[in-house]
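The values are calculated or read from the model by the stated rules, or taken from the named source; none is laboratory data. Please read all numbers here as calculations on a predicted model, not as lab measurements. Note: ideal-geometry Cβ built from the backbone for every residue, glycine included; neighbour counts use all protein chains shown.
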Amino acid sequence: MKAEAGGRMSRMARVGLALLPLVLLAGLLAWIVRSGPAEAVRGEAPPVEVLRIQRIELAPEQITVSVLNDGPDPAKIAQVQVDDAYWSFAQEPAGELRHLGRARLRIPYPWVKGEAHVVQLVTSTGVTFKREIPVAVATPRPSWRSLWVFALIGIYVGVVPVALGLLWYPLAGRLGPRAMDFLLALTLGLLLFLLVDALHEGFEVASGLAQAFQGVALLVFGTGAAYLALEALGGWLSRRKGGLGGAWVTALLLATGIGLHNFGEGLSIGAALALGERALGTLLILGFTLHNTTEGLAIIAPIAKSRVPVRRLFLLGLIGGVPTIAGAWLGGFVYSPVWSVLFLGLGAGAIAQVIVQITRGVAGGRPLAAYLRSAPAVAGFFTGFAVMYGTGMLVQ
């Protein structure tokens, strides 16, 4: 009994020692906040004001602006200009915005459909923050019709192209060894382009985030998290009792990675259409269809020599294409650049993991270096990258 009591006391002591630095740290932070030593040092210096206009929504005769205070000091919005004229506005919640405080400004303004407008916020200290509306169109509101329209966009640019690419499965199964080397290398070229594209877009969106959200760190975190999660998922699937074939696991992971990438793509499309920055024309749909059809080809490459039931091919198509619809919904109705950065990072990490997964088994019994030097592999890799680059030019 004494030994047990001593053991319990020992555990309690260890817990106390572990918590002691945290308790002292909390006390130090509370003292810093209460005493405000930075205020005494700064003296009479003007406040640092950084307002981020996160979203502008247009409704009949009204502009709604969502604002975030990204600066360290409180800021008060004193005036609002639209097209160089001062307008009345209602702020919710009213008053000054503290660090990371948010507000919505409702401005009664007769905006003109199809024209450009400029909104400028003026703080109580005279600092201005500007945001342009390139093409004024009413912001979509959730309704059965708008849900169907955005779903149709996701079907056009995600589901249909991936499904069309899967139709090459019967042909891929009849290819010879050199043709298969070409196809697998083509897949690596396609995926490498998607990886670069996702990271480029992620860094671009991250650069526009409020500094407090640390966009680059969020992108890197999403990339690493997706990579490790798919590594763990692949290992779990391979160890399942009555396990799945390695080729099927690779194809499943590949479809998951492409699905995450297409979710981020759907976010961008939905947000652009909601903000009126891109017209939904036949060329746009055609360009995305061409660009994403190659993703279906990439999914079937690892299973080309395996006998896969139609229902499993159907499942792979859904995993790779349907997330585009969800992304278009989220981007069109509740777009947030923070979520966009995170999902672009998840897509990039998933694609990177699949590239590693394919590279591990692509050479067969040969050394990887020998495979990469072979003519079919070199030709396939550059062809895959060139195809994605060329079709990508149609949707920029």
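When the test is whether a residue is farther than 30 Å from residue 315 by Cα and in contact with a Gly (Cβ under 6 Å, 6 or more places away or on another chain), residue 162 does not pass it.
Of the helices (runs of 4 or more DSSP H) lying entirely inside segment 296-396, those containing at least 2 residues that are of a type in the set (A, V, I, L, M, F, W, C), over 19 Å from the mean Cα position of the chain (by Cα) and modelled with pLDDT under 85 span 337-362, 368-373, 375-392. Considered as a group, the residues in segment 104-129 that are part of a strand (DSSP E or B) and over 24 Å from residue 60 (Cβ atoms) include one that is nearest to the chain's Cα centre (by Cα), and that residue is 129. Being within 14 Å of residue 352 (Cβ to Cβ), among the aromatic types (Phe, Trp, Tyr) and assigned by TED's automatic domain parsing to the domain that holds residue 320 is the requirement here; does residue 169 meet it? In short, no. One residue alone among 96, 92 is closer than 27 Å to residue 270 by Cβ and acidic (Asp, Glu), and that residue is 92. Scanning segment 134-188 for residues that are assigned to a loop (DSSP other than H, G, I, E, B), free of Cβ contacts under 8 Å to residues at least 60 places away in the same chain and either crowded, with 17+ Cβ neighbours inside 10 Å or not charged (D, E, K, R) (or both) yields 143, 176.
Out of the residues in segment 189-204 meeting the condition of being farther than 16 Å from residue 298 by Cα and surrounded by 23 or more Cβ atoms within 10 Å (Cβ to Cβ), tell me which one is modelled with the highest pLDDT. Per the criteria, the residue is 202.
Could we say that residue 247 is crowded, with 22+ Cβ neighbours inside 10 Å and in contact (Cβ under 8 Å) with a residue 40 or more places away in the chain here? Answer is no for this residue.
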